[in-house]
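**Student:** Sharing a structure below in structure tokens format, with a few things to ask.
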Amino acid sequence: MSRPVPSRRQTIADDLRHQISTGHFKAGERLPSEAQLAAHYTVSTPTLRSALALLEGEGLVEKIHGSGNFVRHALRKITYVGGGDAAIAPRGATVRTAQLQAHGHLADLLNVPPLSPLTEIIYVTHEAKSPHSLARIYIPGDLTPTDSPVGSSVPVAIATRFVDLRPPLAEIQERLSARLPTQEEAAILRISTSLAVLSLTRVATDVTGRVVEAALLVLPGDRADALFTTRVMAAERSAKK
């Protein structure tokens, strides 16, 4: 049986991938313009962009709107560790906090009446200049300290102040799915809208059954995975023997 003939976009992607792997195009370097590349490969601009999208999906190329396409630096893998005080350990982060009112899905997620006051924390982790993950964290307004560091850019300070007011947790529920990013998410994370992301919703409930925190995390599929570990108690193992 004869092998299928590679499509033009696949052939172009293969050639550019080879040039990147051999160092012809180096990490951080801007690729020739899309018009130049389309002329070089004698293809239409949509076909050329389709080839570049394949490389974006592999994490080899990054498209920065208004600047062009760049060869990505090697991406450090992120592992989201589920359960307990689940977190990602970034090398750097930018944080923005704000006050808002619960609406639509947020009211349902936190099980509060519509228009209830909330504190929103938008947390973007990054490696050098490359964004790695996006988290939106929502906390009921009455659990926000009166001297809350709204607008602060120090993640540890923010986390510590909120945890001090939070009652003991009884349950953390995490729901993980794969989907395509929204336009806004793609812009923040500087990824293609065709690159799948891991979307994780994390809801923390205290001992009274009240939702005290909800987090919406978005992790690009080319640099992230999730790890969930279930520990089997000794008594359970004995009962099964």
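**Student:** Answer yes or no as to whether THR47 is outside the structural domain of LEU176 (by TED's automatic domain parsing), among the polar types (S, T, N, Q) and farther than 22 Å from ILE191 by Cβ.
**Tutor:** Numbers: outside the structural domain of LEU176 (by TED's automatic domain parsing): yes; among the polar types (S, T, N, Q): yes; farther than 22 Å from ILE191 by Cβ: no.
Taking the combined requirement at face value, the residue does not satisfy it.
**Student:** So, in the range 106-124, exactly how many residues are within 20 Å of ILE172 (Cβ to Cβ) and polar (S, T, N, Q)?
**Tutor:** The total comes to 2.
**Student:** Additional query: Give the number of residues within the range 5-60 that are in contact (Cβ under 8 Å) with a residue 60 or more places away in the chain, outside any helix (DSSP H, G or I) and either in contact with a Lys or Arg (Cβ under 7 Å, 6 or more places away or on another chain) or farther than 18 Å from SER130 by Cβ (or both).
**Tutor:** Filtering the range 5-60 for residues in contact (Cβ under 8 Å) with a residue 60 or more places away in the chain gives 53, 56-59.
Narrowing the set further to residues that are outside any helix (DSSP H, G or I) leaves 58-59.
Now restrict to residues that are either in contact with a Lys or Arg (Cβ under 7 Å, 6 or more places away or on another chain) or farther than 18 Å from SER130 by Cβ (or both): 59.
The qualifying residues number 1.
**Student:** Taking the criterion of being over 19 Å from the mean Cα position of the chain (by Cα), at pLDDT 90 or above and closer than 25 Å to LEU109 by Cα, would at least one residue in the range 146-164 satisfy it?
**Tutor:** Checked the range 146-164: no residue is over 19 Å from the mean Cα position of the chain (by Cα), at pLDDT 90 or above and closer than 25 Å to LEU109 by Cα.
The values are calculated or read from the model by the stated rules, or taken from the named source; none is laboratory data. All of these numbers come straight from a predicted model, not from anything done at the bench. Backbone-built Cβ (ideal geometry, glycine too); neighbour counts: all protein chains shown.
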